[in-house]
Amino acid sequence: MQDRPLTFSKNVFLPLTTVCRNRCGYCCFRTPVQAGCLMVPAEVEKTLKNGSALGCTEALFTFGERPEEEQGFSAMIQAAGYPAILDYCEAMCRKSIASGVLPHTNAGIMSVEEMERLRPVNASMGLMLETTARVPAHRGSRGKEPEVRLAMIEDAGKLKIPFTTGLLLGIGETMADREDSLFAIRDIHRRYGHIQEIIIQNFCPKPGSPMATHPVPGTDEICVTIRMARDILPDDIAIQIPPNLIDASALIGCGVDDLGGVSPLTIDYVNPEHPWPAIEELRKLAGTRGLRERLCIYPQYIARGWYDKGLEPLINRLAQTVYGRSSGP
Ligand code: SF4
């Protein structure tokens with residue numbers, strides 16, 4: 001895939017809530033239930049409207065996992081007019097579709113029934129596997145148990161949901177653990193064929209977090225991991241790196257296909273100290289390979305019709321704009 005143009009998705013990032021039941025050692029996103037922990041509907045709608053005007057095609061809904069398990073959150077979301085966060089997410093996904101932007105939700109662990117409910121209003125979904133290893137950084141995070149994450153990724157396959165997953169590097173795992181994680185992803189994809197991309201993401205220490213002084217993997221080590229991913233995974237799974245967190249210029253030659261979601265409007269709320277590069281910078285980075293925009297549902301899944309019929313008009317319209325053709329089955 002190395003001679004193909006690098007791809008990216010023009011998106012807006014909508015962190016519906018910073019409240020989360022987990023306690024990951026590297027997290028600076030999570031907050032207690034407090035003023036400002038919920039992104040209110042007016043802010044979501046304004047972001048969608050402005051994003052759509054800037055040509056964004058993806059609304060990335062990423063937020064804390066099962067926030068209702070935290071004291072006070074249920075009362076807060078009910079006061080906002082929604083029984084629970086996933087009802088709120090579903091309603092905001094509908095607003096996104098009405099604004100002409102395709103939703104992609106990563107809500108942490110969801111059951112089969114919850115994913116089934118969100119599937120009609122999402123073009124794709126995601127959950128980072130992070131690692132199959134048991135690492136101290138995940139102590140206190142029930143949702144980070146590898147078996148739980150692998151089971152959800154597998155369930156998404158059974159539901160034919162085009163899916164994004166990935167590895168988080170530098171959280172206490174070894175190179176052998178990374179290999180094991182990649183084989184686990186490959187095996188699930190062999191059974192269901194739904195993994196459209198994997199993100200190779202480096203952990204970035206944040207001042208004030210419990211892992212502020214934790215050592216981070218260097219560029220050479222990340223390159224070895226990308227090469228390993230390319231060797232283990234089939235060609236139809238794109239390998240993505242986040243260009244705001246990583247030395248992309250040194251790594252794209254290691255086997256990278258995609259630069260992920262890049263926003264002309266919103267910040268990376270998980271890594272707010274790392275601004276997105278401008279799209280012109282990405283174009284320079286891509287050099288002679290070229291840079292091409294894509295949708296959050298990859299073309300092969302559009303061709304297979306792996307989406308709800310209700311999304312078809314929007315997917316076809318955006319495919320026409322981005323690929324210059326309708327990619328319907
Ligand atoms: S699951 Fe995500 S938001 Fe929750 S504590 Fe872990 S890193 Fe933070």
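The values are calculated or read from the model by the stated rules, or taken from the named source; none is laboratory data. Since the structure is predicted, the reported quantities are computational estimates derived from the model, not experimental observations. Virtual Cβ from ideal backbone geometry, glycine too; neighbours counted across all protein chains shown.
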Quick count over segment 100-134, residues being among the aliphatic types (A, V, I, L, M) and part of a helix (DSSP H, G or I), is 4
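Which one is farthest from the chain's Cα centre (by Cα) among residues in segment 34-47 that are more than 16 Å from the ligand (Cβ to nearest atom) and among the small types (G, A, S)?
First, the residues of segment 34-47 that are more than 16 Å from the ligand (Cβ to nearest atom): 35, 40-47.
Filter once more, keeping what is among the small types (G, A, S): 35, 42.
Details: A35: 26, A42: 23 Å.
Among those residues, the one meeting the criterion is A35.
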All but one of (1) within 16 Å of the ligand (Cβ to nearest atom); (2) among the aliphatic types (A, V, I, L, M); (3) touching a Lys or Arg at 6+ places or on another chain (Cβ under 8 Å); (4) not in a loop (DSSP other than H, G, I, E, B) hold for A137; state the number of the condition that does not hold. (3)
Just one listed residue, out of T31, T7, is within 16 Å of the ligand (Cβ to nearest atom), at pLDDT 95 or above and either outside any helix (DSSP H, G or I) or touching a Gly at 6+ places or on another chain (Cβ under 9 Å) (or both), and it is T31
What's the number of the only condition in (1) in a loop (DSSP other than H, G, I, E, B); (2) surrounded by fewer than 20 Cβ atoms within 10 Å (Cβ to Cβ); (3) touching a helix residue (DSSP H, G or I) at 6+ places or on another chain (Cβ under 9 Å) that V148 fails to meet? (1)
So, first residue without any contact (Cβ under 8 Å) to a residue 60 or more places away in the chain in segment 64-91, second residue of a type in the set (D, E), Cβ within less than 6 Å, six or more apart or across chains; the pairs are S74/E68; A84/E68; L86/E114
Taking only pairs six or more apart or across chains, which ones have beta-carbon atoms under 8 Å, a first residue in segment 143-155 that is closer than 18 Å to P67 by Cβ, and a second residue that is of a type in the set (D, E, K, R) and surrounded by fewer than 19 Cβ atoms within 10 Å (Cβ to Cβ)? V148/R142
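One line per residue, one yes/no per condition, for (1) touching a residue at least 60 places away in the same chain (Cβ under 8 Å); (2) within 16 Å of the ligand (Cβ to nearest atom); (3) over 30 Å from K160 (Cα atoms):
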| position | (1), (2), (3) |
| --- | --- |
| D220 | no, no, yes |
| I232 | no, no, no |
| G287 | no, no, yes |
| G305 | no, no, no |
| G310 | yes, no, no |
| L314 | yes, no, no |
| L318 | yes, no, no |
Select from segment 18-28 the residues that are crowded, with 23+ Cβ neighbours inside 10 Å and either part of a strand (DSSP E or B) or more than 8 Å from the ligand (Cβ to nearest atom) (or both) and list them in ascending order. V19
In segment 274-314, the residues that are over 22 Å from I198 (Cα atoms), at pLDDT 95 or above and either of a type in the set (A, V, I, L, M, F, W, C) or not in a helix (DSSP H, G or I) (or both): D308, L311, L314
When you check P136 against the structure, is it out of contact with any helix residue (DSSP H, G or I) (no Cβ under 6 Å at 6 or more places or on another chain) and surrounded by fewer than 22 Cβ atoms within 10 Å (Cβ to Cβ), yes or no? yes
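Within segment 196-226, track down each residue that is more than 22 Å from H138 (Cβ to Cβ) and of a type in the set (V, I, T).
Here is the first cut: in segment 196-226, the ones more than 22 Å from H138 (Cβ to Cβ) are 196-197, 218-220, 223-224, 226.
T219, V224, I226 - these are the residues of segment 196-226 that are more than 22 Å from H138 (Cβ to Cβ) and of a type in the set (V, I, T).
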Could you list, in sequence order, the residues of segment 48-70 that are within 28 Å of C24 (Cα to Cα) and more than 16 Å from the ligand (Cβ to nearest atom)? E58, A59
